[in-house]
Amino acid sequence: MLEPLLAGDDEASVTALATLRSGATHGVADRARPAGIHAGVFERRLRRMRMHGLEPLGLERAARLLREHGRPVRTGLIDAADRTWTTLLFLTEDGSTLVACAGRPPPPTAGKPPRQESARATPAHPVANGSSPRRSDGTASGTQPTRP
């Protein structure tokens, strides 16, 4: 059902159609939201992405088209089977026409393992009342005993 909507000749639509035909997963929201909200969000995202040296495919054009459309839109996603590409779709409220689309690779952190905290030394015998464990000479663990 999405294929005929992606018949445009802009690079984002062509890429979206190729991605869809290659076995991508896809979905479209059931309800519409104001186009201006989406335009504002994606204009901000575009600025942030550019600050990081990324240029998403067709996002600037999509934000402009959403502003011009001015009526509620339904959103959709096409995710490449190999998870290397995502296309954002913006459809008319009834879902019959593509207003705009934009593509982007996954975020730079996608696919990377979560960052682990550095290992911290923990006392071998923690004290229940929350104070530092004491050595047999009465000094706190991690401190040097005072010498006369």
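The values are calculated or read from the model by the stated rules, or taken from the named source; none is laboratory data. Keep in mind that what you see is a predicted model, and the values were worked out from it rather than measured. Methodologically, a virtual Cβ is constructed for each residue, glycine included, from the backbone with ideal geometry; neighbour enumeration extends over all protein chains shown. All accessible areas refer to the heavy atoms of the entire protein, side chains included, with ligands and DNA or RNA removed. Shrake-Rupley method; radii C 1.70, N 1.55, O 1.52, S 1.80 Å.
Each residue in the stretch 56-76 was checked for being open to solvent by 40 Å² or more (accessible area, probe 1.4 Å) and small (Gly, Ala, Ser), and 1 of them qualify.
So which of 25, 84, 15 ends up being among the hydroxyl-bearing types (Ser, Thr, Tyr) and surrounded by 15 or more Cβ atoms within 10 Å (Cβ to Cβ)? Walk me through how you get there before you give the answer.
Working: 25 fails: surrounded by 15 or more Cβ atoms within 10 Å (Cβ to Cβ); 84 fails: surrounded by 15 or more Cβ atoms within 10 Å (Cβ to Cβ).
Residue meeting the stated conditions: 15.
The residue that is farthest from the chain's Cα centre (by Cα), among those in the stretch 72-91 that are without any contact (Cβ under 8 Å) to a residue 24 or more places away in the chain and assigned to a loop (DSSP other than H, G, I, E, B), is 82. All of 27, 53 fail the test of being at positive phi and over 15 Å from the mean Cα position of the chain (by Cα), apart from 53.
Residues in the stretch 28-55 that are surrounded by fewer than 18 Cβ atoms within 10 Å (Cβ to Cβ) and among the hydrophobic types (A, V, I, L, M, F, W, C): 28, 29, 32, 37, 41, 49, 51, 54. Does the stretch 46-65 contain any residue that is under 23 Å from residue 18 (Cα atoms), free of Cβ contacts under 8 Å to residues at least 40 places away in the same chain and not acidic (Asp, Glu)? Yes, the conditions are met somewhere in the stretch 46-65.
In the stretch 1-45, of all residues being free of Cβ contacts under 8 Å to residues at least 40 places away in the same chain and among the hydrophobic types (A, V, I, L, M, F, W, C), the one that is nearest to residue 96 (Cα to Cα) corresponds to 1.
State all residues of the stretch 34-45 that are closer than 16 Å to residue 68 by Cβ and of a type in the set (A, V, I, L, M); if no residue qualifies, say none.
Looking only at the stretch 34-45, we keep the residues that are closer than 16 Å to residue 68 by Cβ, and these are 34-40, 42-43.
Answer for the stretch 34-45, where residues must be closer than 16 Å to residue 68 by Cβ and of a type in the set (A, V, I, L, M): 35, 37, 39.
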